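Working notes, beginning with the structure itself.
The values are calculated or read from the model by the stated rules, or taken from the named source; none is laboratory data. Here the structure is a predicted model, which means the values were calculated and not measured. Backbone-built Cβ (ideal geometry, glycine too); neighbour counts: all protein chains shown. We work out accessible area using only protein heavy atoms, side chains counted, and drop any ligands, DNA or RNA first. Shrake-Rupley method; radii C 1.70, N 1.55, O 1.52, S 1.80 Å.
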Amino acid sequence: MAEHEEILERMRASIVAADETEAMAAAEAALAAGIEPLTALEEGFAGAIRAQGEAFSNLDIFLPELVLSAKAMQAGVSVLEPALKAKGIDAARSGVVVIGTVEGDLHDIGKNIVVAMLRSAGYEVHDLGTDVPIPNFISVAEQTKADIIGLSALLSTTMLRQKDLIELLNLKKIREDFFVIVGGAPVTEAWMNEIGADGYGLDAHMAIEVLDSRTK
Ligand code: B1M
């Protein structure tokens, strides 16, 4: 629909312009026009912030501009979040999740979306935030009797911490107690297999699917 595409384009433009007010207004317009919140998120904001990341890599923009675009994205996402959460709570799904962004990594936009969607899907979620040391994931998981540990990493350097978690669980001989799911832009299925994690989410939607279908 032409109106939908116009709104999605408005969302993308708000991220490039780093305009928080416009990002929130465009997100509200998307919801009012009946665009699925996940579609608005992925086709509106997420593509634009990734393109800003590319522009940053190519030195077309600088870090302060990327920071401001990220702030606009967070403002826009805050409008979409209640709608993401409201999407069909299914009582059959369950589990206790300890999740965070690993040590050395401050990226949390994607992790926060995963958290919102997990909560909406009926999971009890303990969000440890960003820059979380690996032992903390395990101690909180033990305290809360969690059955799932989720690690987000956006940097190719910090994704190594996901491997550290698996190794520490093995060392403590408690590997089988937890379903470990990993995610974040550089994380792939091949990486999941290489480090011996149980699941991987390309995006928030896939993360929920993987957890819903787990047998462990
Ligand atoms: Co940074 N950054 N950044 N950054 N940043 C990347 C990751 C980068 C690819 C950009 C680039 O150069 N092209 C690059 C990493 C290169 C690499 O390691 N290979 C990079 C860099 C280099 C850096 C700094 C080092 C820059 C500097 O200081 N020189 C610095 C590092 C700071 C640190 O963490 N120590 C830095 C800083 C920042 C900002 C603060 C400006 C900001 C973060 C703001 C914030 O998060 N509060 C930022 C941003 C915004 C990005 C990009 C542009 C966008 C990330 C994002 O929000 N995407 C990113 C480029 C990119 O990813 N292509 C980039 C949108 C979000 C919806 O998607 O986060 O992928 P995503 O989450 C998805 C999935 O990955 C998945 O589901 C989510 C929702 O669908 N998912 C999971 C995520 N976690 C999951 C966990 C799961 C399952 C699924 O289970 C547990």
Checklist line | Carbon/sulfur fraction of accessible area - the range 1-140, other protein chains in place, 1.4 Å, % | finding: 57 percent
Notebook entry, point to check: Where in the chain are the helices, taken as whole DSSP H runs, whose Cα atoms extend 20 angstrom or more along the long axis and whose Kyte-Doolittle mean reaches at least -0.5?
Noted result: 2-16, 63-86
Next item on the list: Be a star and scan the range 115-145 for residues whose amide nitrogen sits under 15 Å from the point 7 Å along the Cα-to-Cβ vector of Arg175.
Entry: none
Item checked: Packing rank of 193-201, 72-80, where each peptide gets the mean count of other beta carbons within 10 Å, highest leading -> 72-80, 193-201
Check: With the dipole of the range 1-136 worked out from charges on the C-beta (+1 for Lys and Arg, -1 for Asp and Glu) around the Cα centre, which of Met1, Val114, Val16 lies farthest toward the positive end?
Finding: Val114
Notebook entry, point to check: Of Thr39, Ala26, Val182, which is farthest on the positive side of the dipole of the chain, counting Cα position, with +1 on Lys and Arg Cβ, -1 on Asp and Glu Cβ, and the Cα centre as origin?
Noted result: Val182
Next item on the list: Compute from the Cα atoms of the chain the Rg and the Dmax, the latter being the longest Cα-Cα distance, and quote both in angstrom.
Entry: 17.6, 56
Check: Treating the beta-carbon of each Lys and Arg as +1 and of each Asp and Glu as -1, no other charges, what is the dipole magnitude of the chain about its Cα centre, to the nearest 20 debye?
Finding: 760 debye
Next item on the list: Order the peptides 169-180, 101-112, 57-68 from the highest to the lowest mean number of other Cβ atoms within 10 Å of their residues.
Entry: 101-112, 169-180, 57-68
Margin query: Quick check on my link table: of Lys85/Lys145; Lys85/Lys173; Lys111/Lys145, which ones sit more than 32 Å apart, alpha carbon to alpha carbon?
Written below: Lys85/Lys173
